[in-house]
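> This is the structure I want to talk about, given as C-alpha cells.
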Amino acid sequence: MAASLRNRFLHAIYRFDPWHMTGTYYARPYKAHAVAMIDSLKPETVVEIGVGLGDIMGRVACTRGVGIDLDPNVIKAAAWLMPRNIHLQSADFAQPGDLVAVLSAEGINDIDALVLINWIHMINFTQISASISAIRKAMPVRHIIIDAIKPGIKGYRHHHSEADISTLGEIVRSVEADEVRTLHLVRVGAA
Ligand SMILES: C[S@@+](CC[C@H](N)C(=O)[O-])C[C@H]1O[C@@H](n2cnc3c(N)ncnc32)[C@H](O)[C@@H]1O
C-alpha cells in the first residue's frame, strides 16, 4: 500500500506508464523470485534492462549495478529510490549500439547478471538474440535472468520457448515465478 501510494505520487510528477503505480514489489511475486535468483549468483556487476522503478535492481546485493529503461521519465522517478551503487540510464534494448555506449560510459566492461524481466515478451526472439550478441561482443556476460510467458497464456505478444532461450546458453534453473511467467537462469558460455 505504501509503495503504491509512493508510486502514485511519483507518477503525478513524472507521468511514467501507469503500470508502475500498481505493479509494485509486494503486488507481483515474480520480483522476489528474481531477486533471490540474482542474489544466488553473488554477482559483482548486475545490469537490468527494462528496470522500471527498480523494484528488482534496488533489492539485489551487488557491488555495482546499472538499470536501463526506454522511458526517461521512469528513470527520473527511479533515481529517488535507488541505492547509491546503482546507476540509471535511458536506452532502448533494440538499439544495442546505444546500449553498449551507455554501459561503456558507466565503466561497465563485464556483466555477471544481465536481467530482462516482464517486458521481453514484447520483443521477437531474433531481436533478443541480436541485442544480446552485440552486448557480448563488447563485454563478457556470465548469466542472463529472463522470463518467458507460459504456453497458452493469452494477451502477450510473444511466448519465448525453452528452446529459444537455450540458444542464449544453458538453462541452469527455472522457477514458476507467477501464474503467467517462468523465470530462467541462463549460464552463458564463452563468446
Ligand atoms: C512492466 S515494466 C517491468 C519493470 C521491471 N523489470 C520489474 O519487473 O519491476 C517494463 C519496463 O520495461 C521497459 N521497456 C520496455 N521495452 C524496453 C526496451 N526496448 N528497452 C528498454 N526498456 C524497455 C518499460 O519502459 C518499462 O519500464
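> Hey, which of these cross-link pairs are over 30 Å Cα-Cα: Lys42/Lys137; Lys76/Lys150; Lys76/Lys154?
From the list (Lys42/Lys137; Lys76/Lys150; Lys76/Lys154), the Cα-Cα distance tops 30 Å for Lys76/Lys150; Lys76/Lys154.
> Using θ = phi - 60° and the Karplus relation 6.51 cos²θ - 1.76 cosθ + 1.60, list the HN-Hα couplings for the stretch 25-35 in order, rounded to whole Hz, with x at every Gly or Pro.
Working through the residues one at a time gives 4, 7, 8, 10, x, 4, 5, 5, 4, 5, 4 Hz.
> Arranged by the count of other C-beta atoms within 10 angstrom, fewest first, what order do Asp147, Asp17 take?
Placing the least packed residue first, the sequence is Asp17, Asp147.
> Any idea what the relative contact order of the chain is, in percent, if you count C-alpha pairs under 8 Å spaced at least 6 apart? Can you show the working numbers first?
Working: 340 pairs, mean separation 33.5, N = 191.
For the chain, the relative contact order is 18 percent.
> Still on this structure, please answer the following. Would you give the gap between the C-alpha center of the stretch 103-175 and the C-alpha center of the stretch 42-88, rounded to a whole Å?
Their Cα centres are 17 Å away from one another.
> Separate question: So what's the net charge close to Gly52: Lys and Arg +1, Asp and Glu -1, counting the other residues with Cβ under 12 Å from its Cβ?
Around Gly52, the surrounding residues sum to -3.
> Here is a follow-up. How charged is the neighbourhood of Thr22? Take every other residue with its Cβ under 14 Å from the Cβ of Thr22, and add Lys/Arg as +1 and Asp/Glu as -1.
+2
> Tally the DSSP beta bridges in the chain and give the antiparallel ones as a percent, rounded to 5.
Just about 40 percent of them are antiparallel.
Bear in mind that the values in this text are calculations on the coordinates, not laboratory data. Computed from a predicted model, the values in this text were never measured in an experiment. Glycine also receives a Cβ, built like all others from the backbone with ideal geometry; neighbour counts cover every protein chain displayed.
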